[in-house]
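Read the structure below first, then the notes.
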Amino acid sequence: MLQLLEKNNLTIEDKIWTHLPVGWIIPNSVKQISFRQILRHTSGIRNDPGEANDNIRTVIENGINLSDTASGCDGSAEICYRNINYAMCRILIAYLDGYRLVTIPYNNSIEEVIIAKRFSDYMQHHIFDTPGIKDVSFAPLANAGALFYPFPAGTYHGTNFGDWTLTGGACRHSIIY
């Protein structure tokens, strides 16, 4: 995200709304959210219904309570961790990298595939290729899926969350296979 902000002569203080799909209805409350707030989980987003574009769109179009940007989930801290903040980065990265709406009127199922591909291509070419990490995927290889374990693992055998091709970007669930 920071690479693309610099490339586009933007800062973390710039607002995200002009880099969201044009088919979305952006309420005034969301027009106040900056890149810094998304990256720091201080955006005021309290819902986390999932990382798919439809879920993100619903949260955005419902708006936020601006007072939520000043307090954490429990009212004691500024940060309210929600995966959706980082999932939104997948969309923002695609648009900052030059993606523009393909379908008119907006068709979320088509756009989601294209945005996911744009995001993973950007990550591969500008992040993973540099240290020599090739063929990164958000989907498990055949018969070699990664397992997520609680800490401490105990006797738990882990959970394979399967294919995250369309939802890669949400911090705690994105795995490189």
Checking Thr11 against (1) closer than 23 Å to Phe138 by Cβ; (2) in a loop (DSSP other than H, G, I, E, B); (3) more than 17 Å from the chain's Cα centre (by Cα), the condition it does not meet = (1)
Within region 80-100, can one find any residue that is of a type outside the set (Val, Ile, Thr), closer than 26 Å to Gln124 by Cβ and exposed (fewer than 13 other Cβ atoms within 10 Å of the Cβ)?
-> yes
If you go through Gly23, Gly44, the only one that is farther than 21 Å from Asn108 by Cβ, part of a loop (DSSP other than H, G, I, E, B) and among the small types (Gly, Ala, Ser) is Gly44
Looking across region 26-41 at residues that are assigned to a loop (DSSP other than H, G, I, E, B) and within 17 Å of Tyr86 (Cα to Cα), the single one that is farthest from the chain's Cα centre (by Cα) is Ile33
When (1) at pLDDT 85 or above; (2) more than 18 Å from the chain's Cα centre (by Cα); (3) open to solvent by 60 Å² or more (accessible area, probe 1.4 Å) are applied to Gly132, the one that fails is (3)
Pairing a residue in region 108-137 that is in contact (Cβ under 8 Å) with a residue 24 or more places away in the chain with any residue that is among the charged types (D, E, K, R) and surrounded by 14 or more Cβ atoms within 10 Å (Cβ to Cβ), where Cβ atoms lie under 8 Å and the two sit 6 or more apart in sequence or on different chains, gives Asn108/Arg57; Ile115/Arg90; Ala116/Arg90; Arg118/Asp97; Phe119/Arg90; Tyr122/Asp97
Which numbered condition Ile60 misses (of (1) more than 23 Å from Phe138 (Cα to Cα); (2) loosely packed, with under 13 Cβ neighbours inside 10 Å; (3) within 13 Å of the chain's Cα centre (by Cα); (4) of a type outside the set (Gly, Ala, Ser)) | (2)
Provide a single number: the residues in region 103-119 that are among the hydroxyl-bearing types (Ser, Thr, Tyr) and at pLDDT 90 or above.
-> 0
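So that you can scan it fast, the table gives a plain yes or no per residue for (1) among the aromatic types (Phe, Trp, Tyr); (2) surrounded by 15 or more Cβ atoms within 10 Å (Cβ to Cβ); (3) modelled with pLDDT of 95 or more:
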position: Glu13; (1), (2), (3): no, no, yes
position: Pro21; (1), (2), (3): no, yes, no
position: Trp24; (1), (2), (3): yes, yes, no
position: Leu39; (1), (2), (3): no, yes, no
position: Ile45; (1), (2), (3): no, yes, no
position: Asp48; (1), (2), (3): no, yes, no
position: Glu51; (1), (2), (3): no, yes, no
Could you check how many residues of region 63-72 are of a type outside the set (Ser, Thr, Tyr) and either modelled with pLDDT of 90 or more or open to solvent by less than 70 Å² (accessible area, probe 1.4 Å) (or both)?
-> 4
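The values are calculated or read from the model by the stated rules, or taken from the named source; none is laboratory data. Every value quoted in this text rests on a predicted model; they were computed, and no experiment measured them. Counting neighbours? That spans all protein chains shown, and the Cβs are built from the backbone with ideal geometry, glycine included. With ligands, DNA and RNA removed, areas are computed over all heavy atoms of the protein, side chains included. Shrake-Rupley method; radii C 1.70, N 1.55, O 1.52, S 1.80 Å.
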